[in-house]
Amino acid sequence: MKNLMLTTAAALTLSAATASAATMVSDVNVEADLTAIQDIDAAAHWATLPQDLETAIIERMVNRIADDGATITIDIDELELADMFETQADIDSSKLVGDVDIDVDGNYGDQDYTLSVSARQIEPLIVGTDVDYRMTSSEEFYNLMIDAFADNVVEKLDS
């Protein structure tokens, strides 16, 4: 029993050390102008896209918010959601593309890159449902695109 307690204490100490080494974040800002919208299906999400992506990123970083953390700024360049015809014709036109700028105090760890998430990349996330049906302009598919983009931003922040 004593060894189990020591092991648990060591694991908690290691978890705390890992969490404190993670980059903290003070602000997340996502912008998308009308020119980013590539089709009528994507237009349905234009008004909520910035807030949806900001929320998804913040949800993944809830334990890492600090007044003096990094600033994440994303400028969405393109949102395109394939319709059923394009999906069945195997045209990979569903994508979310944006420029990501991560500014960390002291210029150490700053990152600037373009991130693109496509239908092909999120296919493995679609489990138990007909992929052709789900790879359309549905709300579920849009949410998967947002989640994949947010996951990539947080993963890159920690690399």
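The values are calculated or read from the model by the stated rules, or taken from the named source; none is laboratory data. Bear in mind that the values here come from a model prediction, so they are computed numbers and not experimental data. As a convention, Cβ positions derive from the backbone with ideal geometry for all residues, glycine included, and neighbour counts pool all protein chains shown. Heads up: the accessible areas ignore ligands, DNA and RNA and are worked out on the full protein's heavy atoms, side chains in. Shrake-Rupley method; radii C 1.70, N 1.55, O 1.52, S 1.80 Å.
What is the one condition in (1) on the phi < 0 side of the Ramachandran plot; (2) modelled with pLDDT under 95 that Gln51 does not satisfy?
Against the list (1) on the phi < 0 side of the Ramachandran plot; (2) modelled with pLDDT under 95, Gln51 comes up short only on (2).
Search the range 47-70 for residues being open to solvent by 40 Å² or more (accessible area, probe 1.4 Å) and not in a helix (DSSP H, G or I), and hand back the single one that is farthest from Thr23 (Cα to Cα).
Among residues in the range 47-70 that are open to solvent by 40 Å² or more (accessible area, probe 1.4 Å) and not in a helix (DSSP H, G or I), the one farthest from Thr23 (Cα to Cα) is Ala47.
Does Asp90 fit the bill of being modelled with pLDDT under 85 and either under 16 Å from Ala148 (Cα atoms) or in a loop (DSSP other than H, G, I, E, B) (or both)?
Considered against the rule, which asks whether it is modelled with pLDDT under 85 and either under 16 Å from Ala148 (Cα atoms) or in a loop (DSSP other than H, G, I, E, B) (or both), Asp90 comes out as yes.
Would you check which residues across the range 137-159 are more than 15 Å from Leu53 (Cα to Cα) and in contact with an Asp or Glu (Cβ under 7 Å, 6 or more places away or on another chain) and list them?
Of everything in the range 137-159, just one residue is more than 15 Å from Leu53 (Cα to Cα) and in contact with an Asp or Glu (Cβ under 7 Å, 6 or more places away or on another chain), namely Ser137.
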